1. Here are some conditions: (1) surrounded by fewer than 15 Cβ atoms within 10 Å (Cβ to Cβ); (2) touching a Ser or Thr at 6+ places or on another chain (Cβ under 8 Å); (3) of a type in the set (Gly, Ala, Ser). Residue 60 meets all but one. Which one does it not meet?
2. How many residues does the stretch 42-51 contain that are of a type in the set (Gly, Ala, Ser) and in contact (Cβ under 8 Å) with a residue 40 or more places away in the chain?
3. Which members of the stretch 1-22 meet the condition of being assigned to a helix (DSSP H, G or I) and among the polar types (S, T, N, Q)?
4. When you scan the stretch 23-60, how many residues do you find that are within 23 Å of residue 5 (Cα to Cα), out of contact with any helix residue (DSSP H, G or I) (no Cβ under 7 Å at 6 or more places or on another chain) and not in a helix (DSSP H, G or I)?
Amino acid sequence: MKKMTLKKQFTLRLLELLDGRTAAWLARELGITTPATYKWVTGTAIPSMDRWPDLARVFGLKSYHDLLP
């Protein structure tokens, strides 16, 4: 079985956490542009590690480590 890349793992987890909310919603919560979050939601990019704590906060996670399955 092929191991999933970090990008794929992150994207799947992000979609799960968004639970129907949009990239635009996430962008507003983080105070950044929608095109940036759209890339994360579509799996074409992942955020830099300095964004991960903010993402964890937005989703009410205890740690940014919880952004991965």
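The values are calculated or read from the model by the stated rules, or taken from the named source; none is laboratory data. Small disclaimer: the values here were computed from a predicted structure and weren't measured. Here Cβ is always computed from backbone atoms with ideal geometry, including for glycine, and neighbour counts include all displayed protein chains. Calculation scope for accessible area: heavy atoms of the full protein, side chains included, ligands and nucleic acids excluded. Shrake-Rupley method; radii C 1.70, N 1.55, O 1.52, S 1.80 Å.
1. (2)
2. At the first step, the residues of the stretch 42-51 found to be of a type in the set (Gly, Ala, Ser) are 43, 45, 48.
Filter once more, keeping what is in contact (Cβ under 8 Å) with a residue 40 or more places away in the chain: none.
The qualifying residues number 0.
3. Scanning the stretch 1-22 gives 9, 11.
4. Of the residues in that region, 2 qualify.
Residues checked against (1) open to solvent by 30 Å² or more (accessible area, probe 1.4 Å); (2) within 23 Å of residue 65 (Cβ to Cβ); (3) in contact (Cβ under 8 Å) with a residue 12 or more places away in the chain:
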| residue | (1), (2), (3) |
| --- | --- |
| 10 | no, yes, yes |
| 15 | yes, yes, yes |
| 20 | yes, no, no |
| 28 | yes, no, no |
| 40 | no, yes, yes |
| 53 | yes, yes, no |
